[in-house]
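First the structure, in the form of structure tokens, and then the observations on it.
The values are calculated or read from the model by the stated rules, or taken from the named source; none is laboratory data. Because the structure is predicted, anything quoted here is derived from the model rather than measured. Glycine gets a Cβ as well: all are built from the backbone with ideal geometry, and neighbour counts include every protein chain shown. For the accessible areas, the whole protein counts, side chains as well, though only heavy atoms, and no ligand, DNA or RNA atoms are used. Shrake-Rupley method; radii C 1.70, N 1.55, O 1.52, S 1.80 Å.
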Amino acid sequence: MVFWPLCIWGSKKTNGLISRILYWLSHRRQKVEQQRLLGDNPALKTLLFHGLYDDALGPCPAGIDKSLACGLSTLRRCLEETCEQGFSFIHANEIPKALKSRKRFALLTFDDGYANNRLMLPILNRLQVPALLFVTTDAMLRRRSYWWDVLSRETMKRGITTDQLSRNRLHIKGLKPADIERQIESVFGEDCYLPQGDHDRPMTPEELTKFASDPLIAIGNHTHRHALLSQLNLDEIEDELHVCQNHLREITGRNPQTLAYPNGRWNTNVTHIAGKLGIRHAFTTERLISPLPVRSTKWMSLPRLQP
Ligand SMILES: [Zn+2]
């Protein structure tokens, strides 16, 4: 069995220490910023989630990346706490007004388009909280699992440690989408992309049409193949964003006006092309709360917290 280089740079020990320091620094920065803005200051608190599971029925399903899955009770608690902190949740179409205001707003976002995101609807309805879903369209149209879930599932089956898995993911994440697919299939076989259940599959286009028709739900662009946009040339960036825009418009009947950069990777070429395609606001994965109002020069790089 061939795996990707397990060590990109440094020794295993050094890598572990450096990632722990980096994690601590980013966590501390987030905490300091949060404390400042959790007073009564005007702010936009944008929350980022990925997959969901019903933790009343059991623990997080085996074989998926646990850092990307959240139990429904945790989601509900997080929404309630955010409201208790004086934030009012807004719908995606209220973003332009909110960014110019001096109030306290929150925005709930989900990345990728997991089928299990539909589980949140009863909670959203009970709390009257809207959600914005950033959908990547290629996996949805081909009814295939996302590559990172395939990697987690298949490596766990083979008894690979979490540290090794992180290094494999770090290595493969830097490749272009077609190369990622080729590498994953060459190692784990042609059928490895077949989903195992709702925990590791995207919504189907039919499910997304129905989900997006709920007044609490809005849909945004997350690129066609979940590409790291900052490493693509101009044509490739345009292709990733344009194809996704077109599919989402066909499926939902609306042209998305928001974008979440996969892995938070963007540059000015990306924002320029996105703007031409009708995107008005875009989100990174920088773990911060935005003080309000937000200058228009920052509308294409809005941060998000990952609770
Ligand atoms: Zn994503």
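Figures for the structure shown
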{"quantity": "For segment 233-250, 3J(HN,Hα) per residue [Karplus equation, 6.51 cos²θ - 1.76 cosθ + 1.60, θ = phi - 60°, Hz, x = Gly/Pro]", "calculated": "7, 4, 5, 5, 4, 4, 4, 4, 6, 5, 4, 5, 4, 4, 5, 5, 5, 4"}
{"quantity": "Amide H within-cut-off set for F49, under 5 Å, with H built and near neighbours excluded", "calculated": "T109, F110, D111"}
{"quantity": "Three-way shape label, segment 215-307, alpha-carbon gyration tensor, a/c 1.5", "calculated": "oblate"}
{"quantity": "Farthest positive-ward along segment 156-307 dipole, Cα basis, beta-carbon charges - from T209, Y261, I160", "calculated": "Y261"}
{"quantity": "Other-chain or far-sequence residues with amide H under 5 Å of R265's (modelled H)", "calculated": "L229"}
{"quantity": "Dipole moment magnitude, nearest 20 debye, the chain about Cα centre, only Lys, Arg, Asp, Glu C-beta charged", "calculated": "1200"}
{"quantity": "Accessible surface ranking that places the most exposed of C83, C192 first, with a 1.4 angstrom probe", "calculated": "C83, C192"}
{"quantity": "Integer Hz, Karplus 6.51/-1.76/1.60 couplings in order for segment 256-265, x for Gly and Pro", "calculated": "x, 10, 10, 9, 10, 6, x, 6, x, 8"}
{"quantity": "Whole-Hz ³J(HN,Hα) from phi, Karplus 6.51 cos²θ - 1.76 cosθ + 1.60, for segment 49-54, glycine and proline x", "calculated": "10, 10, x, 10, 8, 8"}
{"quantity": "Alpha-carbon centroids, segment 131-149 and segment 202-234: separation in whole Å", "calculated": "7"}
{"quantity": "Dipole-positive endmost among I237, A43, G220 within the chain (Cβ charges, Cα centre)", "calculated": "A43"}
{"quantity": "C-alpha long axis of helix 147-157 to longest principal axis of the chain, angle in °", "calculated": "50"}
{"quantity": "Length gained when the stretch N93-L194 is fully extended (0.36 nm per residue, less Cα-Cα span)", "calculated": "32.8 nm"}
